[in-house]
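Colleague: A single structure is presented below for examination.
What follows is calculated from the coordinates using simple rules that are stated; it is not laboratory data. Owing to the predicted nature of the structure, the values given are computational and were not obtained by experimental measurement. Don't worry about glycine lacking a Cβ; one is built from the backbone with ideal geometry, like all the others, and counts go over all protein chains shown.
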Amino acid sequence: MTTPSAHEVTQLLLDWSHGNQAALDRLIHLVDKELHRLAHHYMRRENRGHTLQTTALVNEAYVRLIDQRHVHWKNRAHFFALAGQLMRRILVDHARGRQSAKRGGGAQRISLDEAMVISNEREVDLIALDEALDKLAAIDARKSKIVEARFFGGLSVEETAEALHISPVTVMRDWSLAKAWLYDALSKRA
Amino acid sequence: MKPEQWQKIDKLFHSLLALEPDKRAAFLAEACAGDESLREQIEALITAHDQAGGFIERPALEVEARGVAADFETTESQLPISELSGESISHYRVIVPLGSGGMGQVYLAQDITLGRKVAVKVLPTDFTRDKDRVRRFQQEARAASALNHPNIITIHEIGQFDGRHFIATEFIDGETLRQRIAESQARVAGDKDTSHKTLKVHDILNIAIQTADALAAAHEAGVVHRDIKPENIMVRHRDGYVKVLDFGLAKLTDTASVDAEAPTRNQIQTSAGMVMGTVNYMSPEQVRGEQVDSRTDLWSLGVVLYEMVAGCSPFGRSTSSEAIALILEREPPPLVRYAREVPAELERIVGKALTKEKEERYQTAKDLLIDLRRLQHRLEADAEMERAAAVGAASERNVRTDPASTPVVSTSETEAQTVTATAHPTSSAEFLIGDVKRHKGWSLLVLGALVASVFGIIFSVYRFAGQRQSSVQSQEEMKVSRLTSNGKAAEAAISPDGKYVVHVLDDGGKQSLWLRQVETTSNVQILPPAAVSYLNLTFSRDGNYIYYEAWDKKNPYTLYKIPVLGGAPRKLVEDLDSTVTFSPDGKLMAFIRGDPPSSENALLVANADGTGEKTLAVRREPASFDNWPNARNAPAWSPDGRSIAAPSGVGGDSPSESIIEVRVDNGAMKQLTTRTWWRIDSVEWIRDGSGLVVNASERSSSPFQIWHVSYPSGQAHKITNDANDYRGVSLTADSKILATVESEVSSSIWVVPQNDSHLAKQITSGSSDGQDWVSVTPDGRIVYSSRASGNYDLWITDADGSSQKQLTAHAGNNDHPAVTRDGRYVVFISDRAGGPNLWRISIDGSNPKELTQGEAWYPDCSSDSQWVVYTSRPEGHLWKVPIDGGEPVRVTDYYVPGAAVSPDGKWIASLWHVDPSKIAIIPFEGGQPIKLLDTGWNRVHWTPDGRALAYVDRRDPSNISSQPVDGNPSRKLTDFKSDRIFSFAWSRDGKQLALARGTLTNDVILISSFESSH
């Protein structure tokens, strides 16, 4: 048919953007799958003492999720913008879910000091970051969008530039201030 | 913060970063000129900048995935651990992972030197970091390995390899007592008669006696187990022999035993080892952190015994602290409460084992063993006497008369109403069979009534296969029958004999698995609704089992098999990305597994029980075996057994897929067909090897259809040829019947006078009318696209449904009509001359004219009827072209697809790319948006008065809402309670609304006689 109707994730993403809650559920499901897939790979590789090819792994996950392979005929820029927004929403919700699961306690889980759960590296608190990002958006919407696209959407500088119709130099410039601002906001919180 | 202030900060921040660090302070002091707050803010940002390092530099997906991994690692996890498969640990070659738990990962392996099968347990690194602990563990494990007892697992070796500690033990082909308990519960789930809820007393005693025997031997040798629980007791399939596992392992986790000075409950709760297990089986002295001796094992065995009888743990609670409180303080409820038939003597034995004061408990395993044996002998003697006294009565006693144990029998159409009224939930179809036998009379009556009640809904439709294929040789009719009609089927597979269809029912996000008998329409639930995804269904070759992939958070991408009539699912393979296909003899299966980090994916072959996995062929990106998430990616084993056909991506700039044939003997790959598709969902061989049935989509914009591909010529043609999407394809053994899920859109034209939904009237009866767009002429006629002719063509109808007339014919696909304001022309998108371009016809269908050379979407006309505004593809920019053709003029150089021109012709409303919840209003002459409105990311129409934008609000049910341009709140214009609205348009006077409205349903269909169509 001449009207474009892509499939799978691409279609879901568009459906979601058309307000279809079912599409979002499906997307959440797919992201969730990827998260667990990634998590398993982390554990496997680390258990075996292999150096993890993190970049390739995560990039692959994003590719699987946002199906860029099949959006060549579409407007990539638009697609990227959607991807960042969507991933933010899903990942932050996912992090909230995990947090409340920890509080609620799984069937066989012993109440743990949360510090024990967090691995050696200090990971970004997605929930706190999400809140800080809202505050940043009130001050400077573009910078917040850039963080959304790069950090949540997994986009490159060039893709972010494409998505927001700004130059890559502007993306980098905005990124450095946004990053400092967010880091400062999160440190104050902690 | 004021924008100026922030701009200042932005500027200063970057200026400072450009300076050498030692020059920053002076610069800042000068720049801020006494504005202390500004200086502080910038200083904080510079400090943050210097400290931030890798902060948010790794994508959020990775951050969250690490969080998930951390959660898993701190809980008792059931993770796929297949990565060692094919590799070696010391002189053990790993065959397949058997499972994992707190105490490490267990693999089935082959002892290379001795040739025997062994189980190798690799301990978690967390436990082995502490050298002292490791030493104590080794001492204890060696002591245990010295135990030579038939009920204690034989330890072959305790070793170290690659920095990891492992234990090699005898391999037991059996199940854990935990599984055994779970199965016995699953078997009788829903059965109110709780006396059947558990294992038989005979089995319980058998298991307890053997366990006590093992403990007696160990205790005599001075070895305390410390972690007796159902997970550590295995029952061998072959002979029911009990094997106790993991002697001494508990010592690894038992920090309390070396730190007996200050035992507190708190310590136990936070010790690393505890996280891995459960406190439910711990003795009071153990939870108090006191020194433990052999009597702790007797308590734990008491808990296990209790659980075998009662079906639940005496102290089991959701949190450990609650469980601990019960262990220390509460007497468990008497067993008779759970099992009326429990012998009083068994109640006494359990009570004695579960005495909180260890001095009053059984003092030795031997004592417990003696009591258990004595009871067993007595019960056997009693049974013997009873048998003698009541010969012939046995069959009577087997009859259960509990009316509550009626099975869930349901038909897809009448699901809840007809049956559940009399049914009691059970997950197993065994009861169906059982109860039909027992209550033959009324059960058959119920079934009969069900068949009758749904018979009217079963129907067959006939379609011409390959309508437009010139290659069609036979016009024999292919028969299509619909098996379900609730619209909620997600996937289906047909049994080799064609008698059953298993399908996934997706209802509100919860999925369940149903077995439908094709002839009778009876429908049995095999797996109850759960927040799980079931996919990749297939029957084993012998038709006895259903293989499926279940996805939930703990076990994603996991293959299970379940007996066709229900029962306990058995986990076979983890981490697979496709439906499995079986070798002709049914002994082997093949599937696809992607490995994202390496960009490799493989076609693997394993035994039908999941063991013996080995890689047959590997493809690397950009080439791949299909491993799309949420797709079947189904490969197919050829009827002669020599090769496997697999859907595969061929990579490159224009992505496409093809079928690859992989030889089973050497893994050699070759292209089976030169034809490519955009995406292939599944392939299935036809029995005689003459070809394959394929579910694939030709282009990104075309639906998934069923194809026939000849072998070896590779020629392909469509079996189905319609606008519906099909999911999956499954064939009977004789290849006569094909099952698939049809996703069908039904859309027809409605008119709504006075914008009153209650007056809505359906005026066309097509199934694809106006699905993409409708437009209304100045005199109130409705132009829409429809597939009634076989292709998408434009049609026109009067508002009362009369005078329906086809406007385009024999000219490719034509859709997305927009009538010029003067009513002279219809502009639309057509692929008659190649790519989808913009065309124009007169309102009577004559004089077609091509208006663009480049690809176009979404046309709309200017108010003076001089221009057509459209969206270029793929860029998504707006252009306009004169209605009589000519040079297109650019309107925007940014992405705003789907223009709608305002009634006064001054504005264009279009989708705003930056924020998908908004619509941009742009001057007709172009330039930047002057306003953004919240409408959701929907294509809009201007209301006839030009004051608001109208859009379809949500789906199922859909309604039309309008968002005033002045920013006032939006409001709902229609009040439909059901169905979707696909498109809409107003009459010029705004008094009548034309709608394309209908449903989207997913149902299982069976297609037969499809082979004659090629």
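Colleague: Rank the residues B:Thr211, B:Thr364, B:Thr673 as a footprinting-exposure proxy: fewest other Cβ atoms within 10 Å of their Cβ go first.
Modeller: By the 10 Å Cβ count, ascending: B:Thr364, B:Thr673, B:Thr211.
Colleague: What list of ³J(HN,Hα) values in whole Hz, one per residue of the stretch B:564-577 in order, does the Karplus curve 6.51 cos²θ - 1.76 cosθ + 1.60 (θ = phi - 60°) give from phi, with Gly and Pro shown as x?
Modeller: 4, 8, x, x, 7, x, 10, 7, 10, 9, 10, 6, 10, 10
Colleague: Could you tell me how far the Cα centroid of the stretch A:134-190 sits from the Cα centroid of the stretch B:657-709, in Å?
Modeller: Centre-to-centre (Cα) distance: 44 Å.
Colleague: Give me the extension gain from B:Ser846 to B:Ala182: residue separation times 0.36 nm, minus the current Cα-Cα distance, reported in nm with one decimal.
Modeller: 231.8 nm
Colleague: For the residues B:Glu307, B:Glu231, B:Glu20, B:Glu331, what sequence is obtained by ranking on other C-beta atoms within 10 Å, fewest first?
Modeller: B:Glu20, B:Glu331, B:Glu231, B:Glu307
Colleague: Continuing with the same structure: Residues of A:149-155, mean number of Cβ from any other protein chain within 10 Å of their own Cβ, rounded to a whole number?
Modeller: Across the residues of A:149-155, the mean count of other-chain Cβ atoms within 10 Å is 4.
Colleague: To make sure I understand, if each residue's beta carbon is the centre and we count other beta carbons within 10 Å, what order do B:Lys880, B:Lys510, B:Lys356 fall in, fewest to most?
Modeller: Fewest-to-most Cβ neighbours within 10 Å comes out as B:Lys510, B:Lys356, B:Lys880.
Colleague: Kindly identify the stretch B:770-874 as rounded, prolate or oblate by the Cα gyration tensor criterion: order the square roots of the eigenvalues as a ≥ b ≥ c, call it rounded if a/c is under 1.5, otherwise compare a/b with b/c, prolate if a/b is larger, else oblate.
Modeller: Oblate is the answer for the stretch B:770-874, as a/c is 1.5 or above yet b/c matches or exceeds a/b.
Colleague: Other chains near B:43-53: what is the mean number of their Cβ atoms within 10 Å of each residue's Cβ?
Modeller: Average per residue, whole number: 5.
Colleague: Could you give the Stokes-Einstein D for the stretch B:284-335 in µm² per second, using the C-alpha Kirkwood radius, 20 °C, 1.002 mPa s?
Modeller: Value of D from the Cα-based Kirkwood radius: 185 µm²/s.
Colleague: When the gyration tensor of the stretch B:938-989 is built from Cα positions, what are the square roots of 5 times its three eigenvalues, in whole Å, from largest to smallest?
Modeller: Taking √(5λ) for each Cα gyration eigenvalue gives 19, 13, 9 Å.
Colleague: Could you calculate the contour length gain from B:Val889 to B:Glu157, that is, 0.36 nm times the residue separation minus the distance between their Cα atoms, to one decimal place in nm?
Modeller: Here the answer is 255.5 nm.
Colleague: Once the Cα gyration tensor of the stretch B:797-942 is diagonalised, what are the square roots of 5 times its eigenvalues, in whole Å and ordered largest first, as equivalent ellipsoid semi-axes?
Modeller: Each semi-axis is √(5λ); the values are 26, 17, 14 Å.
Colleague: Pairs A:Lys143/B:Lys11; B:Lys479/B:Lys977; B:Lys510/B:Lys571; A:Lys33/B:Lys121; B:Lys805/B:Lys977; A:Lys188/B:Lys2: which exceed 23 Å Cα-Cα?
Modeller: B:Lys479/B:Lys977; A:Lys33/B:Lys121; B:Lys805/B:Lys977
Colleague: So, one more: If you take the beta carbon distance between B:Gln866 and B:Asn607 as r and set R0 to 51 Å, what does 1/(1 + (r/R0)^6) give as a FRET efficiency, to the nearest 0.05?
Modeller: Step by step, r from the Cβ atoms, then E = 0.10.
Colleague: Quote to one decimal, in nm, the extra length available between B:Arg116 and B:Trp6 on full extension: 0.36 nm per residue of separation minus the C-alpha distance between them.
Modeller: In short, 32.3 nm is gained.
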